[in-house]
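Report on the structure given below.
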Amino acid sequence: FFFFFFFQAEDGIRDAQESRGLGDVYKRQVCSVSGSVYEFNYHPAEGKTSLLWELKHHSDSCRRVCYSKDGKYLLTGSADMSVVITENGQFCCRLREAHNSPLTALVHIENAVFATGDEDGVIKVWDIRAQSETALKPMMVFKKQEDTISEFALDESKGCLMATANDGTLAAYDLRKIGGELQDISNSFEEDLLSLAVLKGGKKVVVGSQEGSLHLFSRELLQVADDRIKGHPGPVETIAKVDEDTVVTGCDDGLVRAISVHPNKILSVLYRVSEDQENVSSIQRVAVSGDKALGGVISENQIAFFNLAYVRDRDKTKHKISKEKESDPFFDNLMECKYFK
């Protein structure tokens with residue numbers, strides 16, 4: 001039986017600090033083309049996994065999954081155009097026909113608020129407070145991008161939702177305005193934009209492209225990219241933020257790379273799907289745990305974890321070395337609701 005797997009880039013691993021005292025356990029969620037979603041515990045010390053539960057609330061393939069910021073709720077978006085919210089495998093609510101086309105992007109924003117994107121380039125922002133499932137309507141709707149919404153990221157410093165699309169655009173939507181507002185949008189690249197992360201305290205956006213470049217944008221001016229990082233031989237399908245200066249990327253050459261932004265360089269290769277260069281599986285999702293100790297990767301035929309200690313601690317190491325040389329001669333919450341407490 002063959003599965004395709006997906007991580008929501010930054011929330012695909014729910015770690016010990018955000019899992020309500022579950023100890024040295026990392027949680028991961030897996031979704032299949034049948035629409036089922038599975039959540040596993042992973043015990044790093046033992047190198048073992050255990051199935052927690054299986055969710056069967058979608059009638060078509062599960063396209064996106066993400067955790068709420070507190071790690072308590074799981075949101076899933078499907079090609080059946082619905083969104084389902086669960087808590088520890090227990091059904092909470094469903095948005096039927098949330099879109100008119102299959103969902104392709106999903107992100108939790110805060111408490112009862114989350115955003116969805118679809119294959120037609122439509123973005124909707126939902127607030128499920130004080131609304132019933134049958135009468136639920138989006139609080140914001142955007143149709144400024146003309147093709148599939150590929151990914152979301154939050155610029156919390158400016159209260160904006162960032163979105164990439166297959167029409168080659170990067171857009172910023174101001175969620176602080178009533179009804180929302182398009183704040184800025186880039187010129188269209190002649191390639192799909194596939195992934196993104198917001199860095200440098202909201203000053204920079206790094207975007208992965210179909211041709212393999214990482215395009216760097218200044219937040220104050222999104223029209224054109226002001227820099228780029230080369231070194232990926234194919235599409236950069238996924239990006240996960242490690243810290244304000246660093247991301248990990250997944251490429252169709254089967255490699256996970258650690259990338260430094262300003263200074264721009266590839267720090268290291270963190271994971272390789274296969275040593276068989278003739279049968280390489282592309283990286284579909286990467287994720288980073290909240291404590292930045294562990295990374296997760298999903299390809300066409302496997303799920304794996306990799307150590308992020310080197311990337312996480314490299315600045316500390318540099319600082320320590322620097323100090324040794326000196327002494328030696330020689331980084332507003334919304335209201336609560338019944339679903340997000």
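Evaluated at q = 0.19, 0.20, 0.23 Å⁻¹, a Debye calculation over the C-alpha positions of the range 176-299 (equal weights, vacuum) places log10 I(q)/I(0) at -1.02, -1.11, -1.36. Residue separation of Y310 and L51 scaled by 0.36 nm, minus their Cα-Cα distance, works out to 90.3 nm of gained length. One decimal place: the segment V141-C93 gains 15.2 nm when fully extended, by the rule 0.36 nm per residue minus the C-alpha distance.
The magnitude of the dipole of the range 147-190, with charges of +1 and -1 set on the Cβ of Lys/Arg and Asp/Glu and taken from the Cα centre, is near 240 debye.
For the set K48/K158; K124/K265; K56/K203; K177/K265; K48/K241; K48/K265, the pairs lying more than 32 angstrom apart at their alpha carbons are K48/K158; K124/K265; K56/K203; K177/K265; K48/K265. Computed over neighbours whose Cβ is under 14 Å from that of D118, the net charge equals -4, Lys and Arg +1, Asp and Glu -1. Which shape class, rounded, prolate or oblate, goes with the range 226-303 when its Cα gyration tensor gives a ≥ b ≥ c as root eigenvalues, a/c under 1.5 marks rounded, and past that a/b bigger than b/c marks prolate? Cα axes put the range 226-303 in the oblate bin. Measuring with a 1.4 angstrom probe and ignoring ligands and nucleic acids, V256 comes out at about 0 Å² accessible. Phi angles of the range 81-91 translate, via the Karplus equation with coefficients 6.51, -1.76, 1.60 and θ = phi - 60°, into HN-Hα couplings of 6, 10, 10, 10, 10, 10, 10, 6, x, 9, 5 Hz per residue; Gly and Pro are given as x.
The values are calculated or read from the model by the stated rules, or taken from the named source; none is laboratory data. Treat the numbers as computed from the prediction; the structure is a model and nothing was measured. Here Cβ is always computed from backbone atoms with ideal geometry, including for glycine, and neighbour counts include all displayed protein chains. The accessibility values were calculated without ligands, DNA or RNA, using every heavy atom of the protein model including side chains. Shrake-Rupley method; radii C 1.70, N 1.55, O 1.52, S 1.80 Å.
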